[in-house]
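Below is one structure, written out as structure tokens; the observations come after it.
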Amino acid sequence: MGLFDNLFKKKDIEKINLLGKEYEINPDAMVFSQKGLDKYQQQDYSGAVEAFTKAITAQATNQNFYTMRGTAYEDMGNDIEAEKDFRKALQLHPNDFVASYRLGMVYFRKKDFDNAVKWLKISHANSTNLGLEHVGITNNNILFVHKKIIAGNLGNFLTQLKRFDEGFKYLDEAIKLDPSYANPYVTKGLALVQSGKQDEGIKYIQKASELGDPKAPAILQMLKELRGDSKKSNSSNPLNINEDPQLNRMHKLPNLVENFENDLMIYYGTLEEHSGSVTIDQFITLTVFYSIDLLIEYRDKALNTLPSSIIEDVKRQVLEAAQTNFDIFNQRDVINKMFSQIDEKIWEKNIVSETHNYMQQFQ
């Protein structure tokens, strides 16, 4: 044996320290696993499976390779092989929170919520609140699942089993871990409605909508209709009024008071020509139909949708325009009458044709 043989001898196994634990690393296996990760990132899942299989052949004792290959199988829709790999990973490392989470999700897709809960509880117990960015593992990494997602899905599965109190505990944890994470708000909101707490549930779904959850606005509208809270008895919504908070933040009416003031003066003069004088009720009717005509015009230009924020903007600006030249519109009872008529008429089934018929006299 030469003097320097040990120095230059190839080492089959190396060790690294990760989060205080030592892991054995086979250099060849690491090369194959990196190829697998590259393929996975390219969404070449069959290529990833092939590379991870070579990594496993090189080092069959590394549970991470089974978890990675199982995840690739999972994304291919092959839950049978995915389950085998996740179970093998857990056989090698029973506390692997990623493998237990992914195994739980396999059971979820089988609609086996009891086993889904079992494995997600194991995952939750062994997961960390900390991000692993400092070691190159991000929240979307194949080997990392954020605890908020584990808690959120666990809460979801428990509420589907009607174990509401236990489910709410995990959903509240997910919200606490990331208050901007919309999914647990939707899940808890629906579960609260299901358990008979509709008003409280709507508040959570409203919050999810504010956070940008794409499903929340439709769910919110449906629940409000069921509660009879949307003023749309008999599902009458001829102006397609939308109360979505995100949409309302995007739509704000510019200052058009001067334009409205000129229109009202012209229309008032036309009424005066037709009847000789204009009563307060006639003038209120004018402001009501004029306001609704503006809302119809906005709706038509906004892809047949009328954000509720525009209704309030139009009411306020038309009132301000009327107050400029007519002191009567500074009286509280006149303001209330104008606003209440607008609020009622916008839900009437034939309001579009009624408004068009009324406004024709000014053309």
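Specify the angular offset, from 0 to 90 degrees and rounded to the nearest 10, of the alpha carbon long axis of helix 63-76 from the longest principal axis of the alpha carbons in the chain. Between helix and principal axis, roughly 40 degrees. For the chain, the longest principal axis of the alpha carbon atoms and the long axis of helix 147-160 meet at an angle near 70°.
For the pair ARG332 and LYS111, label points projected 7 Å from Cα toward Cβ lie 5.9 nm apart.
Relative intensity of the stretch 40-154 on a log10 scale, I(q)/I(0) at q = 0.15, 0.23 Å⁻¹, equals -0.62, -1.39, per a Debye sum over C-alpha point scatterers of equal strength in the absence of solvent. Per residue, the chain reaches -21000 deg cm²/dmol at 222 nm when only DSSP H runs of four or more residues are counted, each adding -39500 (n - 2.57). Average projection, convex hull of the Cα set of the stretch 11-222: 12.3 square nanometres.
Listed by chain and number, the aspartates and glutamates placed with their C-alpha closer than 16 angstrom to that of LYS147 are ASP96, GLU133, ASP172, GLU173, ASP178; residues fewer than eight positions away on the same chain are left out. Summary of the geometry: the stretch 101-119 and the stretch 293-356, compared by the centres of their Cα atoms, lie 53 Å apart. Averaged over residues, the count of other Cβ atoms within 10 Å places the peptides 342-355, 263-276, 54-67, 195-208 in the sequence 54-67, 195-208, 342-355, 263-276, highest first. Set the Förster distance to 45 Å, then compute FRET efficiency between LEU143 and ASN248 from the Cβ-Cβ distance, nearest 0.05. The pair LEU143/ASN248 has a calculated efficiency of 0.65. Note the angle between two axes, namely the Cα long axis of helix 164-177 and the longest principal axis of the Cα atoms of the chain, as a number of degrees from 0 to 90, rounded to the nearest 10. Tilt of helix 164-177: around 90 degrees. Shown for the stretch 79-122 is the translational diffusion coefficient from the Stokes-Einstein equation, using the Kirkwood radius over Cα pairs, a temperature of 25 °C and a viscosity of 0.890 mPa s: 247 µm²/s.
May I ask which of LYS111/LYS176; LYS39/LYS162; LYS35/LYS118 have a Cα-Cα span longer than 31 Å here? Don't skip to the end; give the middle numbers.
On the way: LYS111/LYS176 28 Å; LYS39/LYS162 41 Å; LYS35/LYS118 33 Å.
With Cα atoms farther than 31 Å apart: LYS39/LYS162; LYS35/LYS118.
Using a cut-off of 22 Å between Cα atoms, the listed pairs LYS252/LYS301; LYS121/LYS197; LYS121/LYS207; LYS84/LYS188 include LYS121/LYS197; LYS121/LYS207; LYS84/LYS188 as exceeding that distance. Solvent-free Debye calculation, one equal scatterer per alpha-carbon of the stretch 257-362: log10 I(q)/I(0) at 0.17 Å⁻¹ equals -0.78.
The rule of thumb for compact globular proteins, 2.2 N^0.38 Å, goes into the C-alpha radius of gyration of the chain 1.53 times.
We did not get these values from a lab; they are worked out from the coordinates using the rules stated. Owing to the predicted nature of the structure, the values given are computational and were not obtained by experimental measurement. Note that we place each Cβ from the backbone using ideal geometry, even for glycine, and neighbour counts take in every protein chain shown.
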